[in-house]
Amino acid sequence: MKVDEKSSKAKKKKQQQQDDQKDHANPFMLQRFMDPDIPWDKDQLGDMLHWIRQVVGLLCGLVWGAIPLVGGIWFVLFLALSTGIVYGYYAVILKVDEEEFGGHGALLQEGLFASLTLFLLAWILVYSLGHF
Amino acid sequence: MATLRLLSSTFRYGDALTVLWISLLTAVVCETISYFVIYRSSSYKHLRSSIDKASKKLDFLKKPSGASATSKNPKKIDRFESSLKESTRDLSMFKFKSGFVVAVVLVVVFAFLNSMFEGKVVAKLPFHPLGLIYKMSHRGLQGDDATDCSMAFLYFLCSISIRTNLQKLLGFSPPRGSGNMGLFPMPDPKSN
């Protein structure tokens with residue numbers, strides 16, 4: 001009997017460890033990114049916002065160039081769209097307290113310059129190669 | 001190389017692809033050099049971990065509310081701030097010395113591209129640039145068409161976007177806690 005109890009306890013412990021490992025092994029699950037209850041580290045949130053900006057920049061650049069959208073107004077529109085998405089992500093979806101992460105300015109400028117250059121590069125390349 | 005030539009000849013502005021590939025290759029070479037010269041060394045790892053630790057502790061101590069509020073100690077904050085400044089200065093010096101090799105590579109590649117595409121329109125801009133952007137995008141080009149793009153502007157865009165994201169991807173980007181504390185820090189307004 002004692003042996004059975006011991007083995008079942010050991011199994012439970014092992015299961016719990018596996019569950020814990022799963023939680024740690026899948027930090028990049030979509031659910032985790034959308035859950036406002038999960039606490040965010042300054043670096044983690046900064047990296048996340050950086051990559052969101054880059055993806056938005058690349059996609060907008062490709063779409064703007066493929067259509068093609070011509071004129072400085074589309075650059076301004078991209079800037080507004082990208083900033084809106086980043087703001088919506090941390091303020092509406094994650095509901096983080098921006099003061100803990102250095103304020104709106106610090107969060108909104110995360111990856112901004114890199115995404116601007118990436119957007120311009122994609123826009124110019126697709127426009128030049130696809131329409132001339 | 002043959003594929004690149006074929007692609008370049010297929011498109012009217014195929015030279016843009018050549019600039020893109022060359023800057024991609026340069027970014028990879030520069031990061032490889034940086035890895036062997038800077039990031040692999042134990043002193044860099046030690047400095048980086050001490051900056052991370054100090055900035056995390058400083059953030060915790062400076063939090064407006066929470067458990068740390070009662071244990072706030074200005075002396076402790078000052079100590080962490082000075083250690084963070086010191087480590088960041090050391091890291092900047094370390095990178096400055098070793099980054100010289102990378103700078104040489106970048107200058108050589110830029111000179112090579114300049115000789116390849118001097119006076120050539122490598123791409124067409126989908127907007128009319130103004131001021132400084134116009135000066136850069138029209139550098140060395142003949143004619144008045146503002147939408148003509150020179151190699152310098154395209155290379156600038158490529159090198160900034162590719163290098164920044166490559167560094168981020170490889171985990172080589174400078175630590176966040178080191179902001180405004182490098183070789184030339186801004187003066188602290190409180191000290192006046």
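The values are calculated or read from the model by the stated rules, or taken from the named source; none is laboratory data. From a predicted model like this one, the values you see are computed outputs, not experimental measurements. Here the Cβ positions follow ideal geometry from the backbone for every residue, glycine too, while neighbour counts run over all protein chains shown. The area values use the complete protein model at the heavy-atom level, side chains included, leaving out ligands, DNA and RNA. Shrake-Rupley method; radii C 1.70, N 1.55, O 1.52, S 1.80 Å.
In the list A:Leu62, A:Leu121, A:Leu77, which residue meets the criterion of being assigned to a helix (DSSP H, G or I), open to solvent by 20 Å² or more (accessible area, probe 1.4 Å), touching a residue at least 12 places away in the same chain (Cβ under 8 Å) and among the aliphatic types (A, V, I, L, M)?
Matching residue, one of A:Leu62, A:Leu121, A:Leu77: A:Leu62.
Could you tell me whether any residue of region A:72-81 is in contact with a helix residue (DSSP H, G or I) (Cβ under 9 Å, 6 or more places away or on another chain) and of a type in the set (Gly, Ala, Ser)?
Taking every residue of region A:72-81 in turn, none turns out to be in contact with a helix residue (DSSP H, G or I) (Cβ under 9 Å, 6 or more places away or on another chain) and of a type in the set (Gly, Ala, Ser).
Taking the residues in region A:30-49 that are within 14 Å of chain B (Cβ to nearest Cβ) and assigned to a loop (DSSP other than H, G, I, E, B) as candidates, determine which candidate is least open to solvent (accessible area, probe 1.4 Å).
Filtering first and then ranking leaves A:Trp40.
Those residues that are in contact with a strand residue (DSSP E or B) (Cβ under 6 Å, 6 or more places away or on another chain) and either aromatic (Phe, Trp, Tyr) or buried (at least 21 other Cβ atoms within 10 Å of the Cβ) (or both), I need them from region B:123-170; list them, please.
B:Ala123, B:Leu125, B:Ser137, B:Cys149, B:Leu154
I'm trying to understand the selection: among the residues of region A:94-109, which are under 18 Å from A:Ala80 (Cβ atoms) and either part of a helix (DSSP H, G or I) or within 9 Å of another protein chain (Cβ to nearest Cβ) (or both)?
A:His104, A:Gly105, A:Leu107, A:Leu108
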